[in-house]
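*Asks:* Below you'll find the structure I mean.
The values are calculated or read from the model by the stated rules, or taken from the named source; none is laboratory data. The shown structure was predicted, so the numbers you read here are calculated from the model rather than taken from an experiment. Note that each Cβ is placed from the backbone with ideal geometry, even for glycine, and that neighbours are counted across all protein chains shown.
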Amino acid sequence: MKKKIIAISFILLICIILFVKNMIFLEYKVEGVSMEPTYEEGNLLSINTMSHHILPIERFDVVVFHGPNKNDDYIKRVIGLPGDEISYNDDQLYINEKPINEPYLTKEHVGMLTGDFTLEEKIGKKKIPEGYLFVIGDNRIKSYDSRHFGLIKIEDVVGKVTEN
């Protein structure tokens, strides 16, 4: 009888662990080339759905979020946070008028990667308002991102990509 209780307890514990794991971590399959070379099409990623509720989203986190049409999810890198002033000039990122290094980018592309712009040109505001993020894919030439559809709501973030 004691062995049966231990076996049932063990099976119950495994079920609880799997349930909690599946509630916190989602599997996401990369579709498209907008995050190359960091993540390639077909890569399976683990998304922590609780991390951004416990810890704030930080600059350069890679996040999955509900896209503008709410039917598709996107994966992009967070470039701008609430209160930030963003601009690009000659492929140099400026945040609050200070140059910022982007070590995750490769310079293999010919010509401009990101294109010159200011946040005001893209969204009509000088700074990112509270509750919003500015996101861009690492493959700047082939990415559909905040440069095209504007800011995303923090509440639309599904989770952060965890390191695999």
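*Asks:* Of all residues being touching a residue at least 60 places away in the same chain (Cβ under 8 Å) and part of a helix (DSSP H, G or I) in segment 144-164, which is surrounded by the fewest Cβ atoms within 10 Å (Cβ to Cβ)? Just the residue, please.
*Replies:* Phe149
*Asks:* Let me ask something else about it. Quick one: is Asp72 modelled with pLDDT of 80 or more and either surrounded by 12 or more Cβ atoms within 10 Å (Cβ to Cβ) or among the aromatic types (Phe, Trp, Tyr) (or both)?
*Replies:* On the way: modelled with pLDDT of 80 or more: yes; either surrounded by 12 or more Cβ atoms within 10 Å (Cβ to Cβ) or among the aromatic types (Phe, Trp, Tyr) (or both): no.
No, not satisfied.
*Asks:* Quick test for you: out of Tyr74, Tyr104, pick the one residue that is part of a loop (DSSP other than H, G, I, E, B), under 26 Å from Glu31 (Cβ atoms) and under 15 Å from the mean Cα position of the chain (by Cα).
*Replies:* On inspection, the qualifying residue turns out to be Tyr104.
*Asks:* In segment 124-135, which residues are outside any strand (DSSP E or B) and crowded, with 19+ Cβ neighbours inside 10 Å? Full working, then the answer.
*Replies:* Going through segment 124-135, the residues outside any strand (DSSP E or B) turn out to be 124-131.
Matches in segment 124-135: Ile128 only.
*Asks:* Assess whether Thr49 counts as being within 15 Å of the chain's Cα centre (by Cα) and at pLDDT below 80. Can you show your working first?
*Replies:* Numbers: within 15 Å of the chain's Cα centre (by Cα): yes; at pLDDT below 80: yes.
It is true that Thr49 is within 15 Å of the chain's Cα centre (by Cα) and at pLDDT below 80.
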